[in-house]
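Participant: Quick one: the structure is below, questions incoming.
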Amino acid sequence: MRQMLRQMLRLFGGILLSATVLTQAHGGPSVAPPPSLAPERTLHEWLVRMHEAARRRTYTGTFVVSAGNSISSARIWHVCDGDLQMERVEALTGPPRSTFRRNDQLLTLYPDSRLAVAERRESFGQFPNLLHPGGTALGQLYGIRFAGSERVAGLEADVVQLRPNDALRFAYQIWTEKKTGMVLKLQTIDARGRVLEQAAFSELQLDAPVSMTKLAQMMGNTEGYQVERTDLVKTSAADQGWGMKSAVPGFQAVSCYLRPTAVLADARPESTLQWIFSDGLATVSLFIEAFEPRRHGQPMAQALGATHTLTRRIGDWWLTAVGEVPPHTLAAFAQALQRK
Amino acid sequence: MQTLPQTDEALAELVSALADGQLQDPELTQALDWLSQSEQGRQQWQAYHVLGDVLRGGRALAPRAEDAFLQRLRDQIQRESLPAHRPAAANDRRFLWRMVAGLAGLVFVSLAAWQVPGWQEKFGAGPLLAQGVPAVPQGGPASAPFAAAQAPGAEPPSMIRDAQLDALLAAHKQFGGASALQGPAGFLRSATFEGKAP
């Protein structure tokens, strides 16, 4: 061990120096201020601030998501005028696609297949407490801790940690821009402190000149595209014959939809039920469809970044649970789900 | 381009000399060209940032794109050297040095792979190594025991993507809008996240 240490030190002495020089040239990692300088905000105030900043500001930037072994990035234009928000997201990795959003209206253009998918996302951008009247307050599920300041995408950011009070959810570390509260970086962290997924702006220009008219024109221009509407049918789990034996602590049912066959990758004779739960930060979807031995294999649990999935047969039905939660949380959902 | 040193050690010395600022033209220009003109070169410099940070601060203080790299490295080292008694703490000093050693090895192999002309064509492993992606086949002997012994909190098996699951994942991600962080950031995340074209 000692010999290895000596070798390492000799070999990397030079690198150390150069890394120091380079780090300094880039501004270097910021030094966290003493905790006494921490802005005094409650969990709710922090979240509202972040939420409002991303909605109310006009900006352009490059967003990078790293999950598992994959890194994806996209260019974003966001503009806000009163209650109207418009957004354009141009994927830089994977199949070429542009997503436009006007409040809850979404249009995704796939230039390769000349396909445009139009959809409406209900409850988009609503703050979770509005969705959880009388529910468990977020403050009971997560604790918040101010963890200093750092620079992200050239901007000074406050770093806050959200730590779950039980093992049913992940922790988050969030970098929010000091002046506006805009979320610059977000890490999802498991119980062992490993970063499962991170999303960050690599470059961000706040108050950039973004033309709403121009975005609206681009969104309206679907010439040469086959436009598909994927209208979801709103339903309730009870109407579809499903219920929960017991609630998974902290999670509440948010909405329930029937997804038409066209939305999904392969044609199937009947639609899939999607029952969505949220604890205010994490979301879990339970997809329920008729069991088909040909398509549905063994029960499985898998992970991609922070997103876990679990599949299980329940009588004549096949459940696929998906969520940004630990695998045992999905197992708790699968246990509690019952056919009425 | 003049003849390059052919052994790992010689290459390492050259890079070390470059990092030390000991190189003079034309070697300096040439070495800088190697490091700057390719994606591998950029990653190489990132690797050095991480190294510097690890050696100085005990952890990577430059949490930018290198985090993913470091995470992959950490995962791989964990897979390759997982004795039953190894303490789990990621900040274990011994583990730290092992990580540095692993990184150094990776850097050397990467340099060799990318600087020896014709390597990539000849062996076809160049890009893999140069990107710092562990060249151990998934499910191979190294990873099999690990996958079999799924201790609580162990690395979950990577996701097998098929069209059906992709569709459900996409459907799930659409509703990230139901939560606070996942609101605007979640929309961005789902729009950014690599999906399959319909």
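Participant: Are any of the residues in the stretch A:153-175 of a type in the set (Ser, Thr, Tyr), assigned by TED's automatic domain parsing to the domain that holds A:GLU40, over 17 Å from the mean Cα position of the chain (by Cα) and over 19 Å from A:ARG55 (Cα atoms)?
Facilitator: No - not one qualifying residue is present in the stretch A:153-175.
Participant: Now for a separate question. Going by the structure shown, is A:THR329 in contact with a strand residue (DSSP E or B) (Cβ under 8 Å, 6 or more places away or on another chain) and without any contact (Cβ under 8 Å) to a residue 40 or more places away in the chain?
Facilitator: The answer is no for A:THR329.
Participant: Next up: Might you check whether a residue that is modelled with pLDDT of 90 or more and either part of a strand (DSSP E or B) or outside the structural domain of A:PHE333 (by TED's automatic domain parsing) (or both) occurs anywhere in the stretch A:259-266?
Facilitator: No, the stretch A:259-266 contains no residue that is modelled with pLDDT of 90 or more and either part of a strand (DSSP E or B) or outside the structural domain of A:PHE333 (by TED's automatic domain parsing) (or both).
Participant: OK, next. Given the conditions (1) within 30 Å of A:GLN187 (Cβ to Cβ); (2) more than 8 Å from chain B (Cβ to nearest Cβ); (3) free of Cβ contacts under 8 Å to residues at least 40 places away in the same chain, and given that A:GLY297 satisfies all but one, which numbered condition is not satisfied?
Facilitator: In the conditions (1) within 30 Å of A:GLN187 (Cβ to Cβ); (2) more than 8 Å from chain B (Cβ to nearest Cβ); (3) free of Cβ contacts under 8 Å to residues at least 40 places away in the same chain, A:GLY297 misses (1) alone.
Participant: If only one of A:ARG169, A:ARG145 is crowded, with 17+ Cβ neighbours inside 10 Å, of a type in the set (D, E, K, R) and at pLDDT 90 or above, which one is it?
Facilitator: Only one candidate passes the filter, namely A:ARG169.
Participant: Regarding A:ASP239, is this residue among the charged types (D, E, K, R), in the same structural domain as A:ASP81 (by TED's automatic domain parsing) and closer than 23 Å to A:ALA332 by Cα?
Facilitator: Judged against the criteria, A:ASP239 is not a match.
Participant: Only one of (1) in a strand (DSSP E or B); (2) farther than 25 Å from B:GLN164 by Cα fails for A:GLU197. Which number is that?
Facilitator: (2)
Participant: For A:THR60, which of the numbered conditions (1) over 20 Å from A:GLU324 (Cβ atoms); (2) within 10 Å of chain B (Cβ to nearest Cβ); (3) out of contact with any helix residue (DSSP H, G or I) (no Cβ under 6 Å at 6 or more places or on another chain); (4) assigned to a strand (DSSP E or B) fails to hold?
Facilitator: Looking at each condition in turn, A:THR60 falls short on (2).
Participant: Something else about it: A:GLY323 versus (1) surrounded by fewer than 18 Cβ atoms within 10 Å (Cβ to Cβ); (2) closer than 16 Å to A:ARG169 by Cα: which is the lone unmet condition?
Facilitator: That leaves (1) as the condition not met.
Participant: When the stretch A:274-294 is examined, which residues are found to be at the interface with another protein chain (Cβ under 7 Å from one of its Cβ atoms), outside any loop (DSSP other than H, G, I, E, B) and either among the small types (Gly, Ala, Ser) or touching a Gly at 6+ places or on another chain (Cβ under 9 Å) (or both)?
Facilitator: A:SER278, A:THR283, A:SER285
Participant: Tally the residues that are surrounded by 16 or more Cβ atoms within 10 Å (Cβ to Cβ) and part of a strand (DSSP E or B), restricting the search to the stretch A:72-107.
Facilitator: Going through the stretch A:72-107 one residue at a time, the tally reaches 23.
Participant: Could you check A:VAL210 against (1) within 13 Å of chain B (Cβ to nearest Cβ); (2) under 30 Å from A:GLU150 (Cα atoms); (3) touching a residue at least 40 places away in the same chain (Cβ under 8 Å); (4) surrounded by fewer than 23 Cβ atoms within 10 Å (Cβ to Cβ) and say which number it fails?
Facilitator: Failing condition for A:VAL210: (1).
The values are calculated or read from the model by the stated rules, or taken from the named source; none is laboratory data. Source: prediction; values computed, not measured. Positions of Cβ are generated from backbone atoms using ideal geometry, with glycine treated the same way; all protein chains shown enter the neighbour counts.
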